[in-house]
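A.B. asks: Before I ask anything, let me first share the structure, which is written out below as structure tokens.
The values are calculated or read from the model by the stated rules, or taken from the named source; none is laboratory data. The model shown is predicted, which means the values in this text are computed figures rather than measured ones. Cβ placement follows ideal geometry from the backbone for every residue including glycine, while neighbour counts extend to all protein chains displayed.
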Amino acid sequence: MHRAIATLLLVVAPLRAAAQGIVRGTVRDKDGAPISSASIAIPGTTLSTRSDLQGAYRLAVVPAGRVRVYAAALGYGPIDTTVALTGGDSTIVDFILSPAPLALPPVDVVSDRVPHFGDRPATSVGQVTERELGRRAVNTVDEALEHVAGVQMVNGQTNVRGSTGYVQGLNSRVLMTVDGVPMNQGDRGGINWDLLALDEIESVQILKGAGSSLYGSAAFGGVINVTTRDVPTGFHTGLRLTGGVYGDPPHPVWRFRDNPGMLGGADFSASYGTDVFGGRISGGDRHSDGYRQQDQDDHLHFGARGRWQHANTRVDFSGAWAADRYDVPLSWCSRGECDDKGQVFQPFKVDTTERGARTDSRKAFLMARVRTTVSPRFAWTARGSWLRTHFVDVRRSATEFGIGDRFGVAGQIEAHPDPARTVIVGTEATYSTVTSDIFGSHSQSEFAAYGQSEQRLGPARVSGGARVDFLAIDGGSLTAVVSPRVGATLNGAGGATWRASIGRGFRSPTMAERFVHTTALGFDVVPNPTLLPEVSWSFEIGHTTAPLFRFMRLDAALFWTEARDLIEPQVLLIPPDTVKIQLQNVVRARIAGFDASLIAAPIPDRLVATLGYTFLDTRRRLAGDSTEGPLAFRPRHLLLVGADYTLGTLGVGADFRFASRPERIELEGFVDPRRVPVRVLDLRAAWKPSNGPVEVRLLAANVLNYIYNLVPETLAPVRTVALTAVWTH
Amino acid sequence: MRKILLLVAVVAACGRGLEPEPICARSLVGLCGTVRFRGAVPANTENVFIAAYLAVPQTCTELINNRRPVIPGSVPFTDSLAAYSVPLDPGAYHWVLAVWKKPGTLTLSPADTQYLRVAGYYRDPADSTQRGVATVPSGSAVSNIDFVVNFDSLRPATDFVTCTAQ
């Protein structure tokens, strides 16, 4: 006991008790160009930072003596060096990183909620970097996620390894966090991908598999963490202009307008920062005519961010507000629902009974975070957040609205009792409310505590932890869910790494699922306040080999999830003659599969090719029914192939996505069952003068104008050619 | 690398995606034909749809429960002639009819009959006083299932089946 207390006192011993100094410098490539977003850390401690747009970094409160400093950036080989630091002094350490396209992502922050530098996670983690976001010339981050192995976007909903399927906008089995702050809607649990401007985003990490042991509800199938861009020192401005055109329907009988649809937008940002404080404002406006009838979208957003750093404490605060007004092409026109020109269906047109349908949507968030590095071995973080969503659906038959609020507070302690061990302990409280004419007025409270310990044992790293969540609806009794997870990684010879993990996932029903009361397909949808949380066990074993045949890197994983109490709509026959639809905990499911990603750099610095493949085998069984079938909206095969070739200031690239036809959809027999495999080819080109302020990108998405749908009666995007010019100063 | 790009090109070229599908498309399994409209379209018309029954229903419950498809698509009724198609399982359908519907929420119960009227049905080409039988072959469609809808003589379900008191 005395030893434990002594250890604790040693861990939390304040910094001023020991001599300390500052390590600062720059991170550049071999041509002298700054590398932004590089990670710089003192391994085994709480001390880490990222380089800014000039590649500059600063690490304060570093203990004096011989200090090991680690620097890495995606696409570059890491550098690990040791410097001598005198107490009260400042030491400059400049890093020059060499390109290494096969290098693994240098930082993993999503799998353990604390940054790991150079360590491989025990679970599979995908990553979209700032460079990939720019290269793909996308407008919202979800468009870039489609190029991550094992991830499929289905009409705005994220499917990580087949977890979510398509759930008609009432929930998500994937949790989205922004800098660690949960951002799923308070009422429906969905994700607002357009709340954050693309220029605010530095990288996206995707935890594949259950993450509830640290993240709680909604992390049933995975976690997507968006890391926002820090405010750099100095004065900076940025402007992004986008213009584009949608392709016409490939068949004359589907034509629905005389002129092609257009899209365009403008975004700006301005920031100023010093070592002590910094702030940034940003804003933007977009308009799209849409690629089908009644598909216009107008989007306006503003954002702000600030930071303040004093000694060992850093405060970050940010907020954003976005407004959308978009037409709602609810479903395509089937025979007789429009001027069908003698066709069974008209995928570019809408049912005339829904002409004029639109949604007005407002959303906003505020968050603040304080992090104090008490010592190189101990740090604490506290944060508060508020997310509001407000929608009004204007239909001919009825107008519906919903206002959802999600308030959250959290605290976390990060300790490194010794360089080989990391311990985190945290607590969270969330209060969500909804006021709506289809969901009613309700509230949900969630309280959670979690802890995880991680120990390095020679070439192995072992972690274990658990989280307990308490949920209460409308102030009623508490439901408790315990979610443990254990994992291990083993570094083998020649850069090979093995990993394995098993953990529990759960998802609390959203208030929309519990209380929805509306009409669908001509039937009453009735509430079910007694819905239970969905739960699962998720297991995976994976392997990374780098290099493979000197120019490749291979990552592969087998995964297995057993889930029960999954929520699906059920048809109720109420005697004598009434039919209603209700969401119920009725499904047991198994999701097993394999995913692999390969990156090859046969011509270093010039040509990089990627290949991703996911095989999914799903089984679904209804309660009280022994027959089995596949889960809905899960393609058995997902394939991604990409290549990028760079020559001087010019770069060209191509991406191909394939998803096999889902074997099953929900409500089959009630909706148009037409569906086809996904085969989409994107081409892109970029011109970027070295160290110049301007960059021009051209994207031809779905260049073959392949016509397909991911969900019933909803056409997926057609060929879109967009030109983006980015100016930064 | 060349092999990968070739594979992509082949896979991409093989995909045809969704394509236009005229009424009575080759891929249809079911029946298709034309409906000729007569009379004045009632002001409260919501839609007109085609339904089929393997066996002629005798009761209101059978009328509602045995209808195929369960949720039928509608046929445009503003022109004097409209082509239609109905996806159905293979089999001999002994009653193929056009149903007129006025506004109201269907509940898949006999109460639905309050919103529905029989607007016309397929008749035996050899004896137009009798119902015709349309046989859907396995894997394809039966065509030329043509009939007339007369908006001036919409008939309640009780003219055809027995409905007990609800």
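A.B. asks: Has the range A:703-720 got any residue that is over 25 Å from the mean Cα position of the chain (by Cα), away from chain B (no Cβ under 14 Å) and closer than 25 Å to B:Val29 by Cβ?
C.D. replies: So far as the range A:703-720 goes, no, none of its residues is over 25 Å from the mean Cα position of the chain (by Cα), away from chain B (no Cβ under 14 Å) and closer than 25 Å to B:Val29 by Cβ.
A.B. asks: If I filter the range A:542-549 for residues that are among the hydrophobic types (A, V, I, L, M, F, W, C) and in contact with a Ser or Thr (Cβ under 8 Å, 6 or more places away or on another chain), do I get at least one hit?
C.D. replies: no
A.B. asks: Identify all residues within the range A:450-472 that are among the hydrophobic types (A, V, I, L, M, F, W, C), free of Cβ contacts under 8 Å to residues at least 60 places away in the same chain and within 29 Å of A:Ala496 (Cα to Cα); write none if there are none.
C.D. replies: Correct list: A:Leu457, A:Ala460, A:Val462.
A.B. asks: Could you please give the count of residues in the range A:663-694 that are under 16 Å from A:Tyr166 (Cα atoms), β-branched (Val, Ile, Thr) and part of a strand (DSSP E or B)?
C.D. replies: 2
A.B. asks: Read through the list (1) surrounded by fewer than 17 Cβ atoms within 10 Å (Cβ to Cβ); (2) within 14 Å of chain B (Cβ to nearest Cβ); (3) within 30 Å of A:Ile599 (Cβ to Cβ), then give the number of the only condition that A:Pro673 fails.
C.D. replies: Looking at each condition in turn, A:Pro673 falls short on (3).
A.B. asks: If you don't mind, there's one more thing I want to ask. Kindly indicate whether A:Thr91 is at negative phi and part of a loop (DSSP other than H, G, I, E, B).
C.D. replies: Spelling it out, it is not the case that A:Thr91 is at negative phi and part of a loop (DSSP other than H, G, I, E, B).
A.B. asks: Here is a follow-up. Looking only at the range A:125-133, decide whether some residue is at pLDDT below 85 and outside any helix (DSSP H, G or I).
C.D. replies: yes
A.B. asks: Within the range A:599-607, identify whether any single residue is in contact (Cβ under 8 Å) with a residue 12 or more places away in the chain and within 24 Å of A:Thr158 (Cα to Cα), and answer yes or no.
C.D. replies: Yes, some residue in the range A:599-607 is in contact (Cβ under 8 Å) with a residue 12 or more places away in the chain and within 24 Å of A:Thr158 (Cα to Cα).
A.B. asks: Are there any pairs, at least 6 apart or on different chains, whose C-beta atoms fall under 7 Å, with the first in the range A:240-257 and more than 28 Å from A:Asp285 (Cβ to Cβ) and the second of a type in the set (S, T, N, Q), and if so, which?
C.D. replies: Close Cβ pairs satisfying both conditions: A:Pro250/A:Asn705; A:Val253/A:Gln343; A:Trp254/A:Gln346.
A.B. asks: If a residue has to be more than 14 Å from A:Ala149 (Cβ to Cβ) and either surrounded by 20 or more Cβ atoms within 10 Å (Cβ to Cβ) or among the polar types (S, T, N, Q) (or both) to count, how many in the range A:534-558 make the cut?
C.D. replies: The number of residues fulfilling the criteria is 5.
A quick yes/no check of all residues on (1) part of a strand (DSSP E or B); (2) more than 14 Å from every other protein chain (Cβ to nearest Cβ); (3) buried (at least 18 other Cβ atoms within 10 Å of the Cβ); (4) within 27 Å of the chain's Cα centre (by Cα):
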position	(1), (2), (3), (4)
A:Val608	yes, no, yes, yes
A:Arg619	yes, yes, no, yes
A:Phe633	no, yes, yes, yes
A:Leu638	yes, no, yes, yes
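A.B. asks: Looking only at strands (runs of 3 or more DSSP E) that fall completely inside the range A:208-280, which ones have 3 or more residues that are surrounded by fewer than 21 Cβ atoms within 10 Å (Cβ to Cβ)?
C.D. replies: Hits in the range A:208-280: A:234-246, A:262-273.
A.B. asks: Just a yes or no: is a residue in the range A:645-653 closer than 25 Å to A:Gln152 by Cα and within 9 Å of another protein chain (Cβ to nearest Cβ)?
C.D. replies: There is no residue in the range A:645-653 that is closer than 25 Å to A:Gln152 by Cα and within 9 Å of another protein chain (Cβ to nearest Cβ).
A.B. asks: I'm trying to understand the selection: among the residues of the range A:333-366, which are part of a strand (DSSP E or B) and either within 12 Å of another protein chain (Cβ to nearest Cβ) or modelled with pLDDT under 90 (or both)?
C.D. replies: The first filter runs over the range A:333-366 and keeps only residues part of a strand (DSSP E or B), leaving A:333-334, A:343, A:345-350, A:358-366.
Selection gives A:Cys333, A:Ser334, A:Gln343, A:Phe345, A:Gln346, A:Pro347, A:Phe348, A:Val350.
A.B. asks: Being under 28 Å from A:Thr627 (Cβ atoms) and surrounded by 22 or more Cβ atoms within 10 Å (Cβ to Cβ) narrows it down to one residue among A:Ile591, A:Ile581, A:Ile574; which is it? If you could, list the steps in order and put the result at the bottom.
C.D. replies: Details: A:Ile581 fails: surrounded by 22 or more Cβ atoms within 10 Å (Cβ to Cβ); A:Ile574 fails: surrounded by 22 or more Cβ atoms within 10 Å (Cβ to Cβ).
Within the list A:Ile591, A:Ile581, A:Ile574, the selection yields A:Ile591.
A.B. asks: Could we say that B:Val41 is part of a strand (DSSP E or B) and either touching a strand residue (DSSP E or B) at 6+ places or on another chain (Cβ under 8 Å) or at pLDDT below 90 (or both) here?
C.D. replies: The answer is no for B:Val41.
A.B. asks: Being at pLDDT below 90, in contact with a Cys (Cβ under 7 Å, 6 or more places away or on another chain) and not in a loop (DSSP other than H, G, I, E, B), is that true of even one residue in the range B:114-121?
C.D. replies: Within the range B:114-121 (the criterion being at pLDDT below 90, in contact with a Cys (Cβ under 7 Å, 6 or more places away or on another chain) and not in a loop (DSSP other than H, G, I, E, B)), the answer is no, since none of the residues qualifies.
A.B. asks: Ok, one more. In the range A:169-193, what count of residues is obtained for those that are charged (D, E, K, R) and surrounded by fewer than 21 Cβ atoms within 10 Å (Cβ to Cβ)? Outline the logic, then answer.
C.D. replies: Initial filter on the range A:169-193 (charged (D, E, K, R)): A:173, A:179, A:187-188.
Then drop every residue that is not surrounded by fewer than 21 Cβ atoms within 10 Å (Cβ to Cβ), which leaves A:179.
Qualifying residue count for the region: 1.
A.B. asks: Within the group A:Arg292, A:Arg307, A:Arg286, which residue is buried (at least 18 other Cβ atoms within 10 Å of the Cβ), closer than 30 Å to A:Leu104 by Cα and among the charged types (D, E, K, R)?
C.D. replies: From the options A:Arg292, A:Arg307, A:Arg286, the qualifying one is A:Arg307.
A.B. asks: Collect the residues in the range A:677-696 that are surrounded by 19 or more Cβ atoms within 10 Å (Cβ to Cβ) and hydrophobic (A, V, I, L, M, F, W, C), keeping them in residue-number order.
C.D. replies: Result: A:Val678, A:Val680, A:Leu681, A:Ala686.
A.B. asks: Look at the range B:34-60 and say how many of its residues are within 13 Å of chain A (Cβ to nearest Cβ) and under 19 Å from the mean Cα position of the chain (by Cα).
C.D. replies: 10
A.B. asks: Of (1) assigned to a strand (DSSP E or B); (2) surrounded by fewer than 21 Cβ atoms within 10 Å (Cβ to Cβ); (3) more than 14 Å from every other protein chain (Cβ to nearest Cβ); (4) not small (Gly, Ala, Ser), A:Asp625 satisfies all except one. Which?
C.D. replies: It is condition (1) that A:Asp625 fails.
A.B. asks: Looking only at the range B:124-156, count how many residues are farther than 23 Å from B:Asp89 by Cβ and away from chain A (no Cβ under 14 Å).
C.D. replies: Residues that pass the stated criteria total 14.
A.B. asks: Determine, yes or no, whether A:Leu573 is of a type in the set (A, V, I, L, M, F, W, C) and either at pLDDT below 90 or over 29 Å from the mean Cα position of the chain (by Cα) (or both).
C.D. replies: yes
A.B. asks: Being at pLDDT 90 or above and closer than 30 Å to B:Ser74 by Cβ is the filter here, so list the residues in the range A:679-712 that pass it.
C.D. replies: So in the range A:679-712, the residues at pLDDT 90 or above come out as A:679-687, A:694-710.
Result: A:Asn705, A:Tyr706, A:Ile707, A:Tyr708, A:Asn709, A:Leu710.
A.B. asks: Restricting to the range B:134-154, count the residues that are closer than 27 Å to B:Thr113 by Cβ, loosely packed, with under 14 Cβ neighbours inside 10 Å and touching a strand residue (DSSP E or B) at 6+ places or on another chain (Cβ under 8 Å). Can you show your working first?
C.D. replies: Kept after step one, since they are closer than 27 Å to B:Thr113 by Cβ, are these residues of the range B:134-154: B:134, B:136, B:145-154.
Next, from what is left, pick out any that are loosely packed, with under 14 Cβ neighbours inside 10 Å: B:152-153.
Pick out the ones that are also touching a strand residue (DSSP E or B) at 6+ places or on another chain (Cβ under 8 Å) and you get B:152.
The number of residues fulfilling the criteria is 1.
A.B. asks: Looking only at the range B:62-112, count every residue that is more than 7 Å from every other protein chain (Cβ to nearest Cβ), hydroxyl-bearing (Ser, Thr, Tyr) and either part of a loop (DSSP other than H, G, I, E, B) or over 12 Å from the mean Cα position of the chain (by Cα) (or both) and tell me the total.
C.D. replies: 2
A.B. asks: Within the range A:654-661, identify whether any single residue is within 25 Å of B:Ile71 (Cα to Cα) and without any contact (Cβ under 8 Å) to a residue 60 or more places away in the chain, and answer yes or no.
C.D. replies: So in the range A:654-661, the residues within 25 Å of B:Ile71 (Cα to Cα) come out as A:661.
Narrowing the set further to residues that are without any contact (Cβ under 8 Å) to a residue 60 or more places away in the chain leaves A:661.
Yes - at least one qualifying residue is present in the range A:654-661.
A.B. asks: Restricting to the range A:92-107, count the residues that are surrounded by fewer than 21 Cβ atoms within 10 Å (Cβ to Cβ) and at pLDDT 90 or above.
C.D. replies: Final tally of qualifying residues: 4.
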